Amino acid sequence: MIPILQQLSTTIRNLRKFGLVVEAVFLLLGGWFLFRHKAAGS
């Protein structure tokens with residue numbers, strides 16, 4: 001498994017892109033949970 005990890009590209013551009021994708025997923029999940037909570041409470 002370690003050789004597979006060593007083949008990953010870890011350039012600044014790729015790491016930034018990964019961070020933005022992760023951030024977008026968390027924002028979507030957070031918004032969805034917030035929406036569901038308000039809809040269920042009213």
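Read-outs: derived from the displayed coordinates by stated rules, not from any lab. Keep in mind that what you see is a predicted model, and the values were worked out from it rather than measured.
Things worth noting here:
- Angle between the chain longest axis and helix 12-41 axis [Cα atoms, degrees, rounded to 10]: 20
- Calculated [θ] (222 nm, deg cm²/dmol) that DSSP helices of n ≥ 4 give over the chain, each run adding -39,500 (n - 2.57): -28000 deg cm²/dmol
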